[in-house]
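See structure below.
Taken together, the values in this text are just the output of simple stated rules run on the coordinates, not laboratory data. As the structure is a computational prediction, the values presented were derived from the model and not from experiment. Glycine also receives a Cβ, built like all others from the backbone with ideal geometry; neighbour counts cover every protein chain displayed.
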Amino acid sequence: MKRWGKWLLAIVAGLTLGLGGAWLSVRGGLGAGSAKSGPWVTSAVTGSADADLRTRATVAIAGLLALSAKEAIYFNAEEDSAGAPLDGRCHYRVTGSDPKARWWSITLYGADHFLVANTAQRFSFHMRNVPRTGPGMFAFDVGPSGEGEGWLPTGGHAHFALTLRAYNPDPAIIGRPDRANLPRIEKVSCA
């Protein structure tokens, strides 16, 4: 092989490894400051000047805008409470108590980080419209099909994620997001 061919091969291999490693790193989740509470993952530095490059890149790909933790904290779940990946062909039950925040919502996103198209035109529940099971308690279903207003449609897509946004969260949530009392996501059935 000629000398220029070896250089070209080395350049292509270097670019492939570098870009592949960067893609895997960003797709691997949040960087420094990340915390996990059950199936929910967050970073207290999202939306702040303290965010590391990996966290900033992850937010740039998965979200259009991130506020600082004092304004909003974002918890993302890509697995159920047993640790299995969320599968849009399965049915789940989400149960919990109101997060300590001025306002909160839980939104379902597809693998492309966009809302999942569905005939019910339902994409999210928030503290005012979530089905209640008692004072400060809620429960709803997530799956490809359901009845009534108490379910979020997955559209039957293989992968989805849930994002819980807590606006003006309690300082305890910001300080120790790994100890936040967040909803359980339990698989009910799977086709």
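Remarks
- Sequentially through the range 81-91, phi angles give Karplus couplings (6.51, -1.76, 1.60; θ = phi - 60°) of 5, 8, x, 8, x, 5, 10, x, 8, 9, 10 Hz, Gly and Pro residues having no value and appearing as x.
- Charge tally in the Cβ shell below 11 Å around Pro153, where Lys, Arg are +1 and Asp, Glu are -1, Pro153 excluded: 0
- HN-Hα J in Hz across the range 119-133 - Karplus 6.51, -1.76, 1.60, θ = phi - 60°, x for Gly and Pro: 5, 6, 6, 10, 10, 7, 10, 9, 4, 9, 10, 6, x, 9, 10
- Radius 12 Å from Cβ of Pro85, net charge of other residues (Lys, Arg +1; Asp, Glu -1): -2
- Taking a straight line from the alpha carbon of Lys187, these aspartates and glutamates sit under 20 Å away, with near neighbours fewer than eight places off in the same chain left out: Glu78, Glu79, Asp80, Asp87, Asp141, Glu147, Glu149.
- Test item: Cα-centred dipole of the range 83-124, Lys/Arg +1 and Asp/Glu -1 on Cβ, debye: 160 debye
- Length gained when the stretch Trp4-Glu149 is fully extended (0.36 nm per residue, less Cα-Cα span): 45.7 nm
- Hull volume per residue, based on the alpha-carbon atoms of the range 114-191 and their convex hull, is 136 Å³.
- Rotationally averaged projected area of the range 62-191 (alpha carbon convex hull; nm²): 7.8 nm²
- Gap separating the Cα centres of the range 104-122 and the range 163-191, nearest whole Å: 18 Å
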